[in-house]
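Only the coordinates and a few stated rules stand behind these numbers; no lab work does. Quantities reported herein were computed from a predicted structural model and do not represent experimental measurements. Here the Cβ positions follow ideal geometry from the backbone for every residue, glycine too, while neighbour counts run over all protein chains shown.
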Amino acid sequence: MSDNQFLKFACGAPGDAPTARTPPPRQRKRPRASSDDDDAAADPPKGVPARLGDGHPLRCIVVGHNPSAEAWRQGHYYAHKSNRMWPILKETGIAPPHIRGAVDDELMPADAGVGFVDVGTGHPGTDSRKFDVRDFAAWSGVFYGRLRDHAAAAQAWMERERGCACGRCGAPCVVAFSGKRQFVELYNATRPPGTKQLNGATVPLGENLSRSLLPGGWPLTSDTEVWVMTSTSGASALGNEARITPWRKLAARLDEQPWPRVARCKDGARAAE
């Protein structure tokens, strides 16, 4: 092919209308479905501080592992829609009828005598498996400090309001771990070196543990019972009846404790007369 023939072939003969090239259709981007991560990026997380009231004695302190990403975003305990905590608290009567759910966690200390705290308060993360015994060793001091501070404030309240100076009546009736994992990890992180590691299968559920089973350095006296409960996480494979039974036992135990709390010792009883 000559150069002239090539130009005629490529550009068309003189007078020929140029062939219009149709541009490829523009690809429209589909809007990406929003997710919890998107919402978290849009709204700064509120965090989940300890909810232990204003210093008055509590019937129960529920101890979680660490705040989930959703709880951290909303600023409320057990706020993920798949978590069964609030339905269980309402069904068993631990939460009063007017409590709507996680949004009312701040009301629970004053209205029901039930407070909330996590071993890993301030450390959000949905997958609890990412936190191990080293994390619990680091968290334990702050966690124990929160329990001690609450017990001291509650005893001061009892002395001021009930005339009880025994040093025992302000202690919470029960500390209830809302799952085996955080209890076992805390135990293994705080026991002396060489101590046999605790296996979760050996931890009884829904009852007061013997003192020998408590984590090392446990900050509360024997006036406070320590219970380990079934997990309320939606990821748990437990059936509803197996999950709720220990919580029913806890509800029955708490029903035995007057609310608001009263002094149990003789000095406090005389002061109340």
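Below, the figures for the structure above:
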quantity: Cα-based Kirkwood hydrodynamic radius, the range 42-272, one decimal, Å; calculated: 18.0 Å
quantity: Cβ-based net charge around GLN257, under 11 Å, with every Lys or Arg adding one and every Asp or Glu removing one; calculated: +1
quantity: Dipole magnitude of the range 42-272 about its Cα centre (Cβ charges: Lys, Arg +1; Asp, Glu -1), debye to nearest 20; calculated: 400 debye
quantity: Between the range 175-189 and the range 216-269, the alpha-carbon center distance in angstrom; calculated: 14 Å
quantity: Evaluated over the range 163-273, the Cα radius of gyration and Dmax, each in Å; calculated: 16.6, 52
quantity: Across LYS46/LYS196; LYS130/LYS196; LYS81/LYS196; LYS90/LYS196, pairs whose alpha-carbon gap is larger than 30 Å; calculated: LYS46/LYS196; LYS81/LYS196; LYS90/LYS196
quantity: Efficiency of FRET from Cβ geometry, VAL262 and HIS123, R₀ 30 Å, rounded to 0.05; calculated: 0.25
quantity: LYS46 paired with ASP104, simple spin-label distance in nm, labels 7 Å along Cα-to-beta-carbon; calculated: 1.5 nm
